[in-house]
Amino acid sequence: MPHISSRFERQFQKTLSKYGKYFLYLRKDPRIHCSCWNDDTKEGDPHHETCFGLGSPVRVERQLVLAQVAAPLILQQTAQLPTPLGLIENRGMLLFFQREVWPRPEDLVCEVEWDVSSEDVTSSGRLAHLLEIYIIQSLERISDEHGEIIAHRAAAHSRPAQFAWLESLLREIEFTWTPSPPEAGAAWERTNDDTPLQGMNPPSSGKYG
């Protein structure tokens, strides 16, 4: 059955198109551990280039995001988590994604400067400069008047550690273009992933993580 857009969804899409920016989204596959995974520490090697130090196979996507600066207190209340050490000094953000994106906690979202104009990002955009790295703390669905999911709101905070290292990896790595429905966002898959990501199943209810 084809999806029928509601009034709220159309308004969100209009706002996203007008004010949104294309970010790089580093999506972990939590079902699989990278070869660098340490069972004792329950972490991956923070310097492993294949998984960007995240401990799981990663897909790098280009996603249209609506970003809003959040005060630390608001971010803490939204995330319903203790404020991480140093968050007051870091930058808190609320990130809004289209319903098809299905972001996840602990994924990374990178604010970047592209080497082309905004009109050409989806066809030929490549990373020029990495401006900020955010790690998702928690997510909440946004529903319309009929209870249908129209978007996802992520509470995130900046992650300054390993900034230069990640920027160099993202700038130099080769990506493979992966065709996808326009509403799903343009995506690249790394050619040297330990295990390719086969697609993420959407969660069934409420907040998720």
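Laboratory data are not the source of any read-out in this text; all were calculated from the coordinates shown. Quick caveat: nothing in here was measured; it's all calculated off a predicted structure. Note that we place each Cβ from the backbone using ideal geometry, even for glycine, and neighbour counts take in every protein chain shown.
Things to note:
- Footprinting exposure proxy for Cys110, Cys51 (fewest neighbouring C-beta atoms within 10 Å first): Cys110, Cys51
- Computed extension gain for Arg31 through Glu119, at 0.36 nm per residue and net of the alpha carbon distance, reaches 28.1 nm.
- Gyration tensor (alpha-carbon) shape descriptor, the stretch 1-54, a/c threshold 1.5: prolate
- Linear extension gain, Lys42 paired with Arg171, 0.36 nm per residue minus alpha-carbon span: 43.6 nm
- Shape of the stretch 121-160, Cα gyration tensor, a/c cut at 1.5: oblate
- Listed peptides 115-127, 158-170 by packing density, highest first (mean Cβ within 10 Å): 158-170, 115-127
- Protection proxy ranking, peptides 34-47, 130-143, average beta carbon neighbours within 10 Å, highest first: 130-143, 34-47
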